[in-house]
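Down below is the structure, laid out as structure tokens.
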Amino acid sequence: MQKQHTTSIIIFGASGDLTWRKLIPALYNNFKKGRLDECANVVGFARRPYDNETFRARLREGVQKFSPDTFDEKIWGDFVTRIHYFRGNLDQADDFAKLHTFLHGLEGDNANRLYYLATAPSFYAPVAGFLGKAGMSKEDADKWRRIIIEKPFGRDLASAQALNRAVHAAFEERQVYRIDHYLGKETSQNILFFRFANTIFEPLWNRGYINNIQISVAESVDVGERAGYYDKSGVLRDMFQNHLFQLLALVAMEAPASFDADAVRNEKAKVFQSIRPIDLNDTVRAQYEGYAQAEGVAPNSQTPTYAALKLFIDNWRWQGVPFYLRSGKALKHKNSEIIIEFQRPPHLMFDLPEGRDFTPNILSICIQPDEGIQLRFEAKVPDSDQEMRSVNMDFAYDDFFDGATIPEAYERLLLEALDGDASLFTRSDEITASWRIIDPVINSWAERAQPKLATHKKGEWGPEESTALLARDGHQWRFGCVSHRIN
Ligand code: BG6
């Protein structure tokens, strides 16, 4: 008997790293939590000469390696029967027609399909095109078709627009789910809850009370084996246009009227559209020492592995408030953090000791790895006359959500795509608006060779130029997550 109204997930590029490292562990964990009942088939499409057995064995290794705490022999045994391998070429239309027939044999007539492009970016447009030509993107009342597209979505504005056009030739925008895995992180999702499920912060969340905002995504790993890709990309394409900008949008956006995907994305898009073109003098680019000697990196490579920049959002809420963004590889610690630095009190009636400056209130949102939120404020030192000191209120996920492990971003994102909720995915206008901001910086860096490419040692927090960028405005980069003490 044929199955009815089931769902198939078809992964293109299934022999690659993403599938065994992230996608299958995420699907397995969702299955284990009982959240994947509808999903009857997971089909891997790739060129390698695997059969079902070899493919499944490799995926099992991946789950054991990347999700060791949740691997369970019996549950894997139940899950793995849904996994199939289909050998095909991404550049051959015929193979898509064959895949269509193969899927039909597995599914019967009325299955939904979620296509996942885990291929090299150069295949995104052709695969979407082949799916369209094979009639595989067409929906009807009985079945939906959706497509998830991995990052990077383009390498500049023109290529992102071209990719949007190619994808839209086969799929409507509402069928398209562009991944930014930072949106799947629990703590990123929590930003909107923190802001809009509480009343105490939002009245202060504006230029009247906030002095500056800092978004740092620091990585301790270097480029490792990805040097070949990375050298053609650099930190602005790899981290800013997507992850840092998405965090920025969540922090800066207006309250949407609902949690509906378009309501949320309309507000995020408005943030990108309001970012003032970035002044080159407000940018820093740097490379960690030793990068240019890594295998796969061009000798004398000018690719930045670190960047810091200041930007402004030209709207009523944020006029004049600097947003400082930075990200880099081979830094001191892995740490993604958002700092909200509040204004000083308009008048201070307490005496400060000689040489001590007033310390403003700071809210630190720890995205990873030490997930939580801290608030720093001033308190009177006991048994003193007027001495004050900064103290912390500290919320750690561990303390409040006993035993609840924070799931991998891909778990949530896959579920949302299966559910048809695109609020955690980027819409085409967000993508183009963010490239419009980043493109001129990348181009000017290349054309004018300004600012000079700075260097920093591995294991530092970045180059001096980055410290100077904030010092110029009387500010400093702040940290809270790493030490649980905001500086
Ligand atoms: C990816 C980048 O999108 O994000 C990588 O291509 C980077 O260079 C990674 O290392 C960081 O993700 P996370 O979840 O480890 O912060």
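Considering each of 123, 130, 79 in turn, give the residue that is in a helix (DSSP H, G or I) and open to solvent by less than 30 Å² (accessible area, probe 1.4 Å).
Within the list 123, 130, 79, the selection yields 79.
Could you tell me which numbered condition residue 476 fails, if it satisfies all but one of (1) at pLDDT 95 or above; (2) surrounded by fewer than 17 Cβ atoms within 10 Å (Cβ to Cβ); (3) within 21 Å of residue 186 (Cβ to Cβ)?
Condition not satisfied by residue 476: (3).
Of the conditions (1) crowded, with 20+ Cβ neighbours inside 10 Å; (2) out of contact with any Ser or Thr (no Cβ under 8 Å at 6 or more places or on another chain); (3) of a type outside the set (S, T, N, Q), residue 25 clears all except one; give me its number.
(2) is the only condition that residue 25 fails.
With respect to residue 314, is the statement that it is over 29 Å from residue 449 (Cβ atoms), out of contact with any strand residue (DSSP E or B) (no Cβ under 6 Å at 6 or more places or on another chain) and more than 16 Å from the ligand (Cβ to nearest atom) true?
no
Residue 137 passes all but one of (1) closer than 20 Å to residue 16 by Cα; (2) small (Gly, Ala, Ser); (3) assigned to a loop (DSSP other than H, G, I, E, B); which number fails?
(1)
List, please: which pairs have Cβ atoms under 8 Å, are six or more places apart or on different chains, and start with a residue in the range 325-342 that is in contact (Cβ under 8 Å) with a residue 12 or more places away in the chain and closer than 17 Å to residue 246 by Cα and end with one that is hydroxyl-bearing (Ser, Thr, Tyr) and away from the ligand (no atom under 14 Å from the Cβ)?
Note: pairs meeting the criteria are 326/466; 337/364; 338/364; 339/364; 340/364.
Please return the ranges of helices (runs of 4 or more DSSP H) entirely within the range 204-307 where 3 or more residues are within 16 Å of the ligand (Cβ to nearest atom).
Values: elements: 227-231, 245-252, 261-274.
The qualifying helices (runs of 4 or more DSSP H) are 227-231, 245-252.
Taking the range 357-404, which residues are open to solvent by less than 80 Å² (accessible area, probe 1.4 Å), among the acidic types (Asp, Glu) and under 19 Å from residue 211 (Cα atoms)?
Passing the criteria: only 378.
Would you please name the residue that is nearest to residue 95 (Cα to Cα), looking only at residues in the range 36-48 that are open to solvent by 10 Å² or more (accessible area, probe 1.4 Å) and modelled with pLDDT under 95?
We begin by selecting, within the range 36-48, every residue open to solvent by 10 Å² or more (accessible area, probe 1.4 Å); these are 37-38, 40, 47-48.
From the residues that got through so far, the ones that are modelled with pLDDT under 95 too are 37-38, 40.
On the way: 37: 29, 38: 26, 40: 22 Å.
Ranking the candidates gives 40 first.
The values are calculated or read from the model by the stated rules, or taken from the named source; none is laboratory data. Since we're looking at a predicted model, the values are computed, not measured. Glycine gets a Cβ as well: all are built from the backbone with ideal geometry, and neighbour counts include every protein chain shown. Accessible surface areas use protein heavy atoms only, side chains included; no ligands, DNA or RNA. Shrake-Rupley method; radii C 1.70, N 1.55, O 1.52, S 1.80 Å.
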